[in-house]
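This report concerns only the one structure given below.
Derivation of every value follows stated rules applied to the coordinates shown; laboratory data play no part. What you see is a predicted model, and the numbers here were worked out from it, not measured in a lab. Note that we place each Cβ from the backbone using ideal geometry, even for glycine, and neighbour counts take in every protein chain shown.
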């Protein structure tokens, strides 16, 4: 009797709970990257240097240049089954990064921060989470953009 109960519990975990853990995307508020300093020197050609540094960083992290209008670069990153598209606005020696589009990143205009609170929020979102007034997205979005900006700072200085 004890063995059949143990097998039943194990079967439930394998077929019901574990797939939920893998299928659910953890969402976080979309991070804002505004007036991020790339070049610490206020050189007359700062815009060109920052532009070139962004291109070097994009190449390093495999961001594709979708369009280049001088002061605005549209970049796209594809990682496995995910895609993110951003606009990088060059403001002299600083940049602002804006979200444009994504695929398979759990983006929602007004979502729930599923990582808020206890660990079980990641697996059973109906049990917790904080309502977010803004957009939410997978946390890797912030990591990928942050890595791009760090590499651009390195390339510029």
If I model a spin label at residue 79 and residue 37 as a point 7 Å from the Cα along the Cα→Cβ vector, what separation in nanometres do I get? 2.7 nm
Taking 8 Å as the Cα distance limit and 6 or more residues as the minimum spacing, I'd like the relative contact order of the stretch 38-109 as a percentage. 27 percent
Testing the spin-label approximation: label points 7 Å from Cα along Cα→Cβ at residue 143 and residue 59. State their distance in nm. 2.6 nm
